[in-house]
1. State the number of residues belonging to segment 113-167 that are over 22 Å from S31 (Cα atoms), hydrophobic (A, V, I, L, M, F, W, C), at pLDDT 95 or above and assigned to a loop (DSSP other than H, G, I, E, B).
2. Of the residues that make up segment 90-106, is at least one in contact with a Ser or Thr (Cβ under 7 Å, 6 or more places away or on another chain) and not in a strand (DSSP E or B)?
3. When you check N172 against the structure, is it modelled with pLDDT of 95 or more, under 20 Å from S85 (Cβ atoms) and not in a strand (DSSP E or B), yes or no?
4. For residues that are aromatic (F, W, Y) and touching a strand residue (DSSP E or B) at 6+ places or on another chain (Cβ under 8 Å), scanning just segment 101-135, find the one that is surrounded by the most Cβ atoms within 10 Å (Cβ to Cβ).
5. If a residue must be in contact with a Leu (Cβ under 9 Å, 6 or more places away or on another chain), modelled with pLDDT of 50 or more and not in a helix (DSSP H, G or I), how many such residues does segment 1-52 contain?
6. Mind checking which residues of segment 108-162 are among the hydroxyl-bearing types (S, T, Y), in contact (Cβ under 8 Å) with a residue 24 or more places away in the chain and within 28 Å of A68 (Cβ to Cβ)?
7. Being of a type in the set (A, V, I, L, M, F, W, C) and free of Cβ contacts under 8 Å to residues at least 24 places away in the same chain is true for just one of L95, L101. Which residue is that?
8. Would you be able to say whether some residue in segment 70-77 is of a type in the set (V, I, T), in a helix (DSSP H, G or I), at pLDDT below 85 and in contact with a helix residue (DSSP H, G or I) (Cβ under 8 Å, 6 or more places away or on another chain)?
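The values are calculated or read from the model by the stated rules, or taken from the named source; none is laboratory data. Predicted, not measured: the structure shown is a model, and the values here were computed from it. Cβ atoms come from the backbone with ideal geometry, glycine included; neighbour counts cover every protein chain shown.
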Amino acid sequence: MNKQKLDLSLYDNKSNTSSISVDVISFLYGSLIVRLVKDFNNDINEINKQTEQMGYNIGLRLINEIIASPIGRNLDSSDPNLLNSLITCTLSNSLGLNGELKKINEKEFHFLFDNNLLALYVEIPENLKGLIYSNIINGLLRGVCEIANFKIESKFIKDKLNGDDINEIQINLLDIIEERFVDDEA
């Protein structure tokens, strides 16, 4: 069996490079989902809500790693394509999801990818139909984008676990959050 490796290092220094088996990540994530299924008594809506929230919390912290990475250092806040770059950087560098980001219009993007590292060896049983197994990705995107002042909504519209031929995430830009500074001395 050919083991895939995922390089989790975002550093230039080769001595700090670490890698972990993709299988391990997949199994750890799977055990998290199994735990949530037990904790929430198969309540699909609550499990989907919890995994999205977990991803959001991770995304709020992940932005620092993205900005510190070689690719992240090239992100320009004045670039009109910043959101495109941020989405692509987050999905490919942080999650190892290689795919294509299609810009549908100014406020809608679709990320198409074939291999979902979180969903290796996974089959969703009939009693869990409606489970958005990789919903943590949607939350992650929402968290990263929110810190960068983009309010987005993200959802799977195609999922290979549900029999689709490809995985596809729809990302809608809802608003650009204006930074407001409060003058404490006023």
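1. 1
2. Yes, segment 90-106 contains at least one residue that is in contact with a Ser or Thr (Cβ under 7 Å, 6 or more places away or on another chain) and not in a strand (DSSP E or B).
3. No: the conditions fail for N172.
4. That would be F111.
5. So the answer is 4.
6. The answer is S134, and nothing else.
7. Sole residue among the options that is of a type in the set (A, V, I, L, M, F, W, C) and free of Cβ contacts under 8 Å to residues at least 24 places away in the same chain: L101.
8. Within segment 70-77, none of the residues are of a type in the set (V, I, T), in a helix (DSSP H, G or I), at pLDDT below 85 and in contact with a helix residue (DSSP H, G or I) (Cβ under 8 Å, 6 or more places away or on another chain).
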